Amino acid sequence: MGKGLLSDTHELAASAARSLAIGKCDVALVVGARLNWLLHFGEPPKWDKNVKFILVDISKEEIELRKPCLGLVGDAKKVLQMINKEIKDGPFCLGKSHPWVEAVSKKTIENVSRMEAQLAKDVVPFNFLTPMRIIRDAILEVGSPAPILVSEGANTMDVGRAVLVQTEPRTRLDAGTWGTMGVGLGYCIAAAVASPDRLVVAVEGDSGFGFSAMEVETLVRYQLPVVVIVFNNGGVYGGDRRSPEEISGPYKDDPAPTSFVPGAAYHILIEAFGGKGYLVGTPDELKSALAESFSARKPAVINVTIDPYAGSESGRMQHKN
């Protein structure tokens, strides 16, 4: 829904009203995205059965596959420039008072208010929402130029999309369409080199972090202004959640395949190379670590201890996932 391009605080930002926006629209201009699983393949019941799609894509094959009402083959920037040229003398705009615009705006405000009520609670041991709110507020306090946010993980990335606020364009990188784990630290290095005037903040799940964690050595070697925040809940989706009746059989003494060593000291990893590590488990500890690391603009890892039962697993398969 344009996250990372249009400011989340813009009056026309509708990510918080996604279901209404895509479910009730009659025309959808799709740019920089594809009608894959992220957009429910453009099919009912998420989309109206009569919706007309205008797809802008550099791939002719992708447009032919989706069979839109109108397909525009070309680079997104060039196509949008051409569209702007065509409508410059009579730009289409419903206006703020139009019933459709008002309905989307109202739903956005309602959903944001509902989320803020949940975020207002300090939950300890940490769930995902409490530390995410603290991180959001710390990032916003940095001001402009806004930090570049790197997001990677399962629950961590999902919750981050809803909570973390983007105020400037081109300041967000995440695991993308296929949820590719392991890209986070590489993104951090590239972002820090490409935008040396910006702080880079990575919000990582412990599993996602593990794929490329040794790149913290690169951060220290080049003294890149990167702060890596690891949501440590002890596993791919959490710690060992098996019920007693599930712990049986010849391999009953083995750990659940998606669980990690409890309390892993990820913060010590960067200390081995001369960086700064923090272990936090309360709101005050996290606020202090964020303030210090953001101010220093030096390589750091903040190991945030999360309740191993917080969050949910893909497919709700628990340890069998």
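We did not get these values from a lab; they are worked out from the coordinates using the rules stated. In this text, all values refer to a predicted model and were calculated from it rather than measured experimentally. Please note: Cβ atoms are built from the backbone with ideal geometry, for glycine as well, and neighbour counts cover all protein chains shown.
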Quickly estimate the mean residue ellipticity at 222 nm for the chain, helices only: each DSSP H run with n ≥ 4 gives -39500 (n - 2.57), and the total goes over all residues, rounded to 500. -10500 deg cm²/dmol
Considering every pair of different Cα atoms, what Kirkwood radius, in Å, is found for the range 83-145? 15.3
Relative intensity, log₁₀ I(q)/I(0), of the range 15-111 from a Debye sum that treats every alpha carbon as a point, q = 0.17, 0.18, 0.20, 0.23 Å⁻¹: -0.89, -0.98, -1.13, -1.26
Of Ser97, Ser15, Ser259, which has the largest mean-square fluctuation in a 10 Å C-alpha GNM of the chain? Ser97
What list do you get for Ile54, Ile63 if you sort them by fewest beta carbons within 10 Å? Ile54, Ile63
Positive-pole candidate from Val201, Ala191, Met157, dipole of the range 121-320, charges at beta carbon: Ala191
What translational diffusion coefficient, to the nearest whole µm²/s, does the chain have by Stokes-Einstein, given a Kirkwood radius computed over alpha-carbon pairs, a temperature of 10 °C and 1.306 mPa s viscosity? 73
So for His10, His40, His267, fewest C-beta neighbours within 10 Å to most, what's the order? His10, His40, His267
Neighbours of Phe211 by Cβ distance under 13 Å: Lys/Arg at +1, Asp/Glu at -1, summed charge -4
Dipole of the chain, Cα-centred, from +1 at each Lys and Arg C-beta and -1 at each Asp and Glu C-beta, to the nearest 20 debye? 940
Using the alpha-carbon atoms, what tilt in degrees (0 to 90, nearest 10) does helix 283-296 show relative to the longest principal axis of the chain? 80
Assertion target for Thr167, Thr156, Thr218, ordered by fewest C-beta neighbours within 10 angstrom first, is Thr167, Thr218, Thr156
Antiparallel %, DSSP beta bridges [both residues in the chain], to 5: 5
